[in-house]
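Scroll down for the structure; my scribbles are underneath it.
The values are calculated or read from the model by the stated rules, or taken from the named source; none is laboratory data. Please read these numbers as outputs of a predicted model, since none were measured by experiment. Every residue, glycine among them, receives a Cβ derived from its backbone with ideal geometry; neighbour counts consider all protein chains shown.
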Amino acid sequence: MSNIAAKEQDYHVNGKDAFEVIIIGSGPAGYTAGVYTSRAKLRTLIISGTLPGGQLMTTSEVENYPGFPNGIFGPELMMNMRQQAERFGTVIVDDEVIRVDFSKRPFVITTHSENYEADSVLICTGASPRKLGIEGEQQFAGRGVSYCATCDGPFFKGEDIVVVGGGDTALEEATFLTKFGKSVKIIHRRDSLRGSKILQEKAFENPKIQFLWNSVVADITGDKKIGTVVIKDINNGKQQKIATGGLFVAIGHEPNTAIFRGQLEMDDKGYIILTSQTKTSVEGVFAAGDVHDYRYRQAVTAAGFGCMAALDVEKWLTERTHRN
């Protein structure tokens with residue numbers, strides 16, 4: 001019997017899997033939380049979700065994660081984190097949570113194949129970048145198409161770069177990318193920007209930034225990596241090809257919180273609201289990473305939040321035990 005199977009058998013009680021902590025979602029936040037809770041000798045289960053390892057599984061080289069001076073491939077970093085969590089005793093199930101019940105204790109977490117019970121839950125389901133939904137976007141993801149300038153910007157030194165969007169994120173990313181790119185073109189479907197005034201002024205004043213108004217990206221082409229984007233004017237339908245070495249999509253993110261609606265307090269965009277530290281509106285339920293953090297969205301900050309949440313979970317469980 002494998003170590004993981006043995007652990008699952010150990011935690012199987014009265015026909016149900018009993019854990020002190022269930023972490024929903026993997027990635028830097030989930031795996032880091034698993035390392036900390038397992039090292040604290042808490043019976044921990046991670047339910048990894050549809051993409052075990054999270055968004056970093058779709059990125060190539062990660063240069064800005066501390067401890068790797070020569071960079072590391074995203075999938076390799078995530079597998080290292082996963083193995084580290086397992087080494088301390090975390091049970092990891094590659095399944096998707098389809099329903100939760102936070103109205104009773106222990107909490108009930110339902111996946112496609114099983115029901116699990118837990119004294120506490122840590123939500124690390126992250127957020128997904130909004131996609132353009134056009135031809136070539138998936139094909140060139142990681143090969144010139146990016147959703148994070150601070151993550152990937154340095155890979156595009158000397159390139160002509162295209163940014164899609166008109167809000168604060170698009171303006172911040174475009175301005176940031178001028179440090180590396182030869183030029184930056186912002187494609188926006190309207191004739192005015194939604195971003196804050198100060199960011200607009202910075203972008204307008206930057207000689208490297210050019211705007212293409214009332215336009216959308218209609219297609220992406222290239223060989224092994226992106227080579228051109230097709231821009232369509234939404235008013236007259238005219239198309240033009242623009243040579244580019246990088247396309248950054250900055251039209252927002254969607255937090256992966258649909259299964260928690262009606263059970264946890266969220267903001268109007270669907271991000272989980274933290275009441276204090278990493279606590280949510282339900283006692284015993286915690287959150288870490290991009291599922292609440294719409295500002296930083298970095299692997300290292302997600303890992304930091306995972307650590308914080310794990311320490312909060314441990315403290316909460318200890319205090320609850322003493323109360324009882």
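Could you tell me which of the residues Gly142, Gly195 is in contact (Cβ under 8 Å) with a residue 12 or more places away in the chain and touching an Asp or Glu at 6+ places or on another chain (Cβ under 7 Å)?
Gly195
Only one of Gly289, Gly284, Gly195 is in contact with a Ser or Thr (Cβ under 9 Å, 6 or more places away or on another chain), not hydrophobic (A, V, I, L, M, F, W, C) and not assigned by TED's automatic domain parsing to the domain that holds Arg99; which?
Gly195
Answer yes or no: is there a residue in the stretch 252-259 that is at negative phi and without any contact (Cβ under 8 Å) to a residue 24 or more places away in the chain.
yes
Search the stretch 61-87 for residues being in a helix (DSSP H, G or I) and small (Gly, Ala, Ser), and hand back the single one that is farthest from Gly306 (Cα to Cα).
Gly74
Take the conditions of a type in the set (S, T, N, Q), at negative phi, in the same structural domain as Val184 (by TED's automatic domain parsing) and touching a residue at least 24 places away in the same chain (Cβ under 8 Å) and apply them to Gln200. Does it pass?
Yes.
Tally up the residues in the stretch 111-147 that are crowded, with 19+ Cβ neighbours inside 10 Å, outside any strand (DSSP E or B) and within 14 Å of the chain's Cα centre (by Cα), please.
Selection size over the stretch 111-147: 4.
Considering (1) within 30 Å of Lys225 (Cα to Cα); (2) of a type in the set (S, T, N, Q); (3) buried (at least 19 other Cβ atoms within 10 Å of the Cβ), say which one Gln298 fails and leave the rest.
Of everything listed in (1) within 30 Å of Lys225 (Cα to Cα); (2) of a type in the set (S, T, N, Q); (3) buried (at least 19 other Cβ atoms within 10 Å of the Cβ), Gln298 misses just condition (3).
State the number of residues belonging to the stretch 149-181 that are part of a helix (DSSP H, G or I) and crowded, with 18+ Cβ neighbours inside 10 Å.
13
Quick check on Ala303: is it within 12 Å of the chain's Cα centre (by Cα) and either among the hydrophobic types (A, V, I, L, M, F, W, C) or not assigned by TED's automatic domain parsing to the domain that holds Val21 (or both)?
Here the answer is yes, as Ala303 does meet what is asked.
Is it the case that the stretch 150-157 has a residue that's out of contact with any Pro (no Cβ under 6 Å at 6 or more places or on another chain) and modelled with pLDDT of 95 or more?
yes
Looking at the stretch 194-206 only, could you name the residues that are surrounded by 15 or more Cβ atoms within 10 Å (Cβ to Cβ), outside any helix (DSSP H, G or I) and modelled with pLDDT of 95 or more?
Correct list: empty.
Quick check on this structure: which one of Ile186, Ile231 is modelled with pLDDT of 95 or more, part of a strand (DSSP E or B) and under 25 Å from the mean Cα position of the chain (by Cα)?
Ile186
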